[in-house]
Amino acid sequence: MTQKKKSIPEKSTRKDWYKLDLSAIVYPTLQRRDFSSVYRISVTLKEKINPDILQKAVDMTLKRFPTYKVAMRNGLFWRYLEPNNRPGPFVTPDIKNPCMPMPFKANNHYLIRIYYYEKRISFEAHHCLGDGTGGMCVLQTITATYLRLLGAAISNEYFVLDIDSEPSAEELEDAYMRYANAKVHPPRRCEKSYRIRGTKEPFYTLNIINGTLSASKTKEVAGKYGVTVTEYLNAVLLYALMQKQEQEWHLKPLPIKIAMPVNLRNFFPSITLRNFITMVYPCIDPRLGTYTFEEIITQVHNYMRYYINEKFLRGDITTNAATQRNSFIRVVPLFIKDFVVRKFYAAVQDRNSSAGLTNMGLCKVPEDMKPYIERFDIYMGQPFSKRTNCAIITFEDILTINFASSIIEADVERLFFRKLVQDGIPVKIASNRD
């Protein structure tokens, strides 16, 4: 009798579907035959990967992440995620072009992929499941399980979760809705920004340019300018984009903006494994005149100090949440929502930035896991339109910068890395180009 009373509530409280979080609502709307909002995180180990053991590690680990072992479903008014108990996802050899479009019904309806190549394990996920923090938890926990199967003793710490524990409600929550409670909805300024002119690559082609730097040297150079590494690298990208625009003919110059995601977990207590980021837009306006690099550094530094704080960020996510809380919008059929959001994003939101840049910062792993790891990499994935995306992550003293674009020309990337070298930072370049 006692056992029966215990088992009933445990079964009844287990969710059999999940609402998309506030950010995730947009990503499926933008889905096209040649575009999906997919990102990739990779870990390079010090020994060659055994795919059979890696598959076993994936099977053992994914049950710990119910919001990643799901399939996408369309309702009348909203999309939602439901548990996916089909076979898979299956570990496969890596491909030349990462972050390829992810049709919702392919891959047994899974919205994640796991690849291996030599010593590298790569995890790709559709952004509707979660952001880079959630993806890093999945990848590191799979990696820890894999190493344990090989005989290593790995602790559960930082991004490595206990695969035998039940996920908490806080891990599965839409954290936006908990903190979107400012008393005003600050308006957003959207203005057409400079976009790179380039030759579009053939379908299913993603160009990757990777730069490997010393994290300590980069921090030293940023310190000489009196800024953080993130501020410094944002300024370098703005400087490269300004130089690129000056090389082209324009009737008049346009503002240059970088779309940069901010991890809201750094400002609001949350352990959610779903999306919990918002965007800020460090920028310069060449219509006011040509900027020196030092002026760009000052501009970015002051912008970050003004906008990246708990008060502004709370107002920003409150503005985002206002749409979802609107009673009228809630009952508008899904196909109409899709049409309006897609048109708005293409005409307004996508034109609000010249490039994307994300910095996951220093990647922490359990101390007993460090000896097995060489480096981490992160890729923002395919841009929605012609531009380049830049993703940065640091492990120990290895700082990796990965540019991803779907155009042939690599002028911005070349100008970016040239500036780093001019500032005294040695860079090792690699690419998936022929």
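The values are calculated or read from the model by the stated rules, or taken from the named source; none is laboratory data. From a predicted model like this one, the values you see are computed outputs, not experimental measurements. All Cβ positions, glycine included, derive from the backbone under ideal geometry; neighbour counts span all protein chains shown.
Computed values, structure above
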read-out: Within region 357-397, tally of residues that are surrounded by fewer than 18 Cβ atoms within 10 Å (Cβ to Cβ) and of a type outside the set (Lys, Arg); value: 11
read-out: Any hit, region 132-148, residues being more than 16 Å from Ile41 (Cα to Cα), of a type in the set (Lys, Arg), assigned by TED's automatic domain parsing to the domain that holds Ser42 and in a loop (DSSP other than H, G, I, E, B); value: no
read-out: Close pairs (7 angstrom Cβ cut-off, 6 or more residues apart or separate chains): in contact (Cβ under 8 Å) with a residue 40 or more places away in the chain in region 367-388, acidic (Asp, Glu) anywhere; value: Phe384/Asp350; Ser385/Asp350; Thr388/Glu413
read-out: Residue within region 6-17 that is at pLDDT 85 or above, polar (S, T, N, Q), out of contact with any Ser or Thr (no Cβ under 7 Å at 6 or more places or on another chain) and outside the structural domain of Thr278 (by TED's automatic domain parsing) present; value: no
read-out: All positions within region 149-180 that are more than 23 Å from Lys56 (Cα to Cα), in a helix (DSSP H, G or I) and touching a residue at least 60 places away in the same chain (Cβ under 8 Å); value: Glu170, Glu171, Leu172, Ala175, Tyr176, Met177, Arg178, Tyr179
read-out: Selection count, region 258-292, where residues are over 20 Å from the mean Cα position of the chain (by Cα), touching a residue at least 24 places away in the same chain (Cβ under 8 Å) and in a loop (DSSP other than H, G, I, E, B); value: 3
read-out: Considering residues of region 329-378 that are among the basic types (Lys, Arg) and at pLDDT 95 or above only, the residue nearest to Ala144 (Cα to Cα); value: Lys370
read-out: Scan of region 261-319 for residues that are among the aromatic types (Phe, Trp, Tyr), under 21 Å from Glu191 (Cβ atoms) and surrounded by 14 or more Cβ atoms within 10 Å (Cβ to Cβ), ordered by number; value: Tyr281, Tyr291, Tyr303, Tyr307, Phe312
read-out: 2 or more residues in the same structural domain as Gln243 (by TED's automatic domain parsing) and within 21 Å of the chain's Cα centre (by Cα): qualifying helices (runs of 4 or more DSSP H) within region 293-370; value: 293-307, 310-325, 334-344
read-out: Residue within region 69-89 that is in the same structural domain as Thr29 (by TED's automatic domain parsing), in a helix (DSSP H, G or I) and either among the aliphatic types (A, V, I, L, M) or at pLDDT below 95 (or both) present; value: no
read-out: Number of the condition not met by Asn107 [criteria: (1) in contact with a Gly (Cβ under 7 Å, 6 or more places away or on another chain); (2) within 22 Å of Leu161 (Cα to Cα); (3) surrounded by fewer than 23 Cβ atoms within 10 Å (Cβ to Cβ)]; value: (2)
read-out: Residue in region 77-91 that is closer than 20 Å to Tyr379 by Cβ and surrounded by fewer than 20 Cβ atoms within 10 Å (Cβ to Cβ) present; value: no
read-out: Residue that is nearest to Asp94 (Cα to Cα) [pool: residues in region 402-426 that are crowded, with 17+ Cβ neighbours inside 10 Å, among the β-branched types (Val, Ile, Thr) and modelled with pLDDT of 95 or more]; value: Val412
read-out: Qualifying residue in region 380-388 (condition: polar (S, T, N, Q), closer than 20 Å to Val236 by Cα and touching a helix residue (DSSP H, G or I) at 6+ places or on another chain (Cβ under 9 Å)); value: yes
